[in-house]
Each structure stands twice: as structure tokens, then as C-alpha cells.
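Working notes, beginning with the structure itself.
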Amino acid sequence: MSKENGPMGSSSACCPSKKLPSRDEVEEIKESLALQNNLREVKHKIIVLSGKGGVGKSTVAANIAAALSLKGKKVGLVDVDIHGPSIPKIMGLESSRPATSLDGLEPVQYSPNLAVMSVGFLLRERDDAIIWRAPLKHGLIKQFLAEVNWGKLDYLVVDCPPGTGDEPLSVIQLLEGAEGAVVVTTPQDVSLADVRKSINFCRATNLPVLGVVENMSGFVCPHCANTVDIFKSGGGEKMASEMGVPFLGRIPIDPKMVESGDSGKPFVETFTESETSKAFSLIIEPLLALSCKE
Ligand code: ADP
């Protein structure tokens with residue numbers, strides 16, 4: 001066989017302008033295929049975002065995941081809040097460590113239906129700080145999605161850090177075909193201004209917005225039963241309507257929410273009959289509807 005007729009020679013002879021991919025590009029394609037292969041049995045990927053920290057995003061992500069699992073769905077909860085991973089604390093898994101197997105890293109099993117992965121599991125000490133630049137963070141998020149053995153899941157819920165920075169961008173880029181974002185806000189104007197940015201961020205990255213959750217929306221006094229709108233109320237719904245995105249529901253300020261977050265058991269598991277748990281049931285309805293469409 002002449003040199004020109006070899007596989008390389010013939011392609012460049014036919015299409016002299018067609019460039020072969022660089023080694024980096026080949027690596028990128030390989031990694032992307034590995035990630036898609038690892039998540040091939042995950043039906044719905046949901047990304048939880050917020051404009052600001054402290055609005056209860058991780059609490060909402062954990063309770064959405066737990067509420068879906070209580071409905072008999074297989075759920076994965078992945079915490080990519082690299083600088084402030086609170087999922088291990090909220091789920092009572094602070095001393096857990098993921099095991100390794102031939103298939104990769106095993107997520108920590110909270111219950112038979114709910115598997116969890118967080119950077120918090122990989123820290124030597126709970127109070128260790130992670131001081132990383134963007135490429136390292138992107139690498140870790142990629143590992144969480146491509147190398148953790150998620151197996152068969154109905155939902156993968158991703159708890160992102162607040163804002164529109166590197167980590168949410170990495171998640172959106174890596175999770176091609178994600179179902180959409182649940183955006184968490186509190187009702188007051190300072191929080192709403194930032195959540196509008198999160199919605200525009202979703203639009204700019206072609207991620208559908210599944211809806212807005214207004215957390216810490218009103219407080220029912222346990223003594224007189226009057227409602228006090230500590231952070232106002234209704235702002236999230238108004239903003240959602242102005243921005244043309246669905247409103248998923250309101251969660252009141254509930255001191256038991258803090259109690260369950262600190263005690264390591266998601267609220268919806270402990271206070272099943274409360275108004276707050278009912279609010280979560282309404283919030284997950286459109287998410288459950290996704291699996292009815294299959
Ligand atoms: P974020 O992820 O937005 O930083 P967290 O989920 O860590 O916020 O919540 C911050 C604090 O607010 C936690 O102590 C949590 O228990 C509390 N919290 C969240 N939602 C509520 C609520 N609806 N009522 C009372 N406390 C709440």
C-alpha cells in the first residue's frame with residue numbers, strides 16, 4: 001500500500017482542508033463520552049440554583065431529593081458547592097466517606113432510594129477550606145458526574161453554589177440535556193434582584209427554568225397563629241410571572257426546618273404532616289410529572 005493510500009494519507013488527500021482533531025480535542029471528546037455513558041441510566045437531571053447564599057438553596061435541594069425518594073423514586077443528590085458543602089450536614093452524613101469499587105467511586109447511600117455525593121465527604125477535616133481555581137473545580141465536578149457510580153436513577157438533583165460563577169456554568173456545560181433549573185429565592189427585593197440574574201443565566205446557557213421556589217415566605221406564629229411576613233411575601237411569584245417562568249411554590253419560615261437541618265434528617269421525612277411538607281409536595285409535582293411523560 002502506498003503511503004498516500006494509508007488511512008491518514010487518504011483522508012487528507014480527499015479533504016486537504018479538513019484538520020484532524022488535536023490531542024486535547026480527542027481527550028475532551030473521550031471525557032464527554034465517558035460522562036454521557038456514566039449518566040446513561042439517569043432519566044432526569046435537575047439543577048438547583050440561587051442568586052444569593054443563605055436563601056435555603058441546599059435545604060430546598062435536600063428536601064426535594066428526599067421528597068422524590070419518599071415517592072419511591074431513585075434519586076441522586078450531588079453537592080457541587082465546593083466552598084460551602086452543607087449537604088453532608090443536612091443529610092446527617094458528615095462522617096461518611098464514599099467507597100471505591102471497580103466501577104468508580106460509590107455515592108454514599110442515605111437510604112435505599114437516595115444516594116449522595118459531596119466534596120464534604122472528601123475533606124480530611126470538616127473545617128478544611130478548599131482554595132482552588134476554576135479548572136480544578138471544573139475537574140472535580142466532572143469527576144462527580146463521570147466517575148461516581150450513579151447507576152439507574154429517576155432523578156439526579158444537583159445543588160450548585162449561589163450565583164452565576166464557574167461551578168453552575170461547569171454543571172450546565174457538562175450536563176447536556178438537563179431537564180432544567182429550580183431557582184430558589186427569598187421574597188425580599190435584594191434577593192429577587194439576584195435571582196433575575198440566575199434566570200437570565202439559564203437563558204444565556206439554554207437551560208430551561210423548571211420554576212422558582214420562594215423560601216422563607218412568611219412565618220406563622222406558633223403562639224397566636226398570626227402570619228408575619230418577616231422577609232415580605234409573594235415577591236418570588238410576582239418576579240416569576242414578570243420573567244415568564246413557572247412558580248413552583250412557597251415555603252414558610254419554619255423553626256423546625258433549622259432543627260432538622262442541624263439534626264441531619266431532611267424536614268420532609270420528620271414532619272410529614274406539616275404545612276411545610278405539604279408545600280414541598282406541591283413543589284415536586286411538576287418534577288414527578290416529568291416521569292409521567294416518559
Ligand atoms: P443556602 O444553601 O442558600 O446557603 P441553606 O440551605 O444552607 O442556604 O440554609 C441556610 C439556613 O437557613 C439553614 O440554617 C437552614 O436550616 C435555614 N433555612 C432554610 N430554609 C428555611 C425555612 N424555610 N425556614 C427556616 N429556616 C430555614
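Taken along its three principal axes, the alpha carbon spread of region 84-200 comes to 47, 34, 30 Å, from the longest extent down to the shortest.
Between Trp132 and Asp262, what is the FRET efficiency for a Förster distance of 25 Å, r being their Cβ-Cβ separation, to the nearest 0.05? Provide the component values of the computation, followed by the final result.
Details: r = 28 Å, r/R0 = 1.10.
Using R0 = 25 Å, I get an efficiency of 0.35.
Order these peptides, 57-67, 92-102, by their mean beta-carbon neighbour count within 10 angstrom, highest first. Numbers along the way, then the final one.
Numbers: 57-67: 26.9, 92-102: 12.6.
Order by mean packing, descending: 57-67, 92-102.
Straight-line reach from Lys89: taking Cα to Cα under 20 Å and skipping same-chain neighbours fewer than 8 places apart, the aspartates and glutamates in range are Asp79, Asp81, Glu106, Glu125, Asp127, Asp128, Asp159, Asp254, Glu259, Asp262, Glu269.
Relative to the longest principal axis of the Cα atoms of the chain, the long axis of helix 189-204 makes an angle of roughly 30 degrees. Rounded to two decimals, what is Rg over Rh for the chain when you use alpha-carbon atoms and the Kirkwood radius? Result: Rg/Rh = 1.06.
Between Lys43 and Arg196, the distance separating the two model label sites (each 7 Å from Cα on the Cα→Cβ line) works out to 3.8 nm. What a 1.4 Å probe finds exposed on region 27-292 is 52% carbon and sulfur by accessible area, rounded to a whole percent. When all protein chains stay in place and ligands, DNA and RNA are ignored, the 1.4 Å accessible-area order of Leu153, Leu20, largest first, is Leu20, Leu153.
Here the chain carries DSSP beta bridges of which approximately 20% are antiparallel, counting only pairs with both residues inside. Length gained on full extension, Lys278 to Ser291, computed as 0.36 nm times the residue gap minus the Cα-Cα distance: 2.6 nm. Converting phi to 3J(HN,Hα) with the Karplus coefficients 6.51, -1.76 and 1.60 and the offset θ = phi - 60°, region 37-42 yields 5, 5, 9, 5, 9, 9 Hz in sequence order, with x at every glycine or proline.
Between region 182-249 and region 250-267, what is the separation of their alpha carbon centroids in Å? So the two Cα centres are separated by 18 Å. Along the charge dipole of region 27-292, pointing to its positive end and built from +1/-1 on Cβ of Lys, Arg, Asp and Glu, which listed residue (Gly151, Gly139, Gly261) has its Cα farthest out? So the residue we want is Gly151. The relative contact order of the chain comes to 23 percent, based on Cα pairs under 8 Å that sit 6 or more residues apart.
The values are calculated or read from the model by the stated rules, or taken from the named source; none is laboratory data. Predicted model, so just to flag it, every value in this text is computed and none were measured. We place every Cβ from the backbone using ideal geometry, glycine too, and count neighbours over all the protein chains shown. For the accessible areas, the whole protein counts, side chains as well, though only heavy atoms, and no ligand, DNA or RNA atoms are used. Shrake-Rupley method; radii C 1.70, N 1.55, O 1.52, S 1.80 Å.
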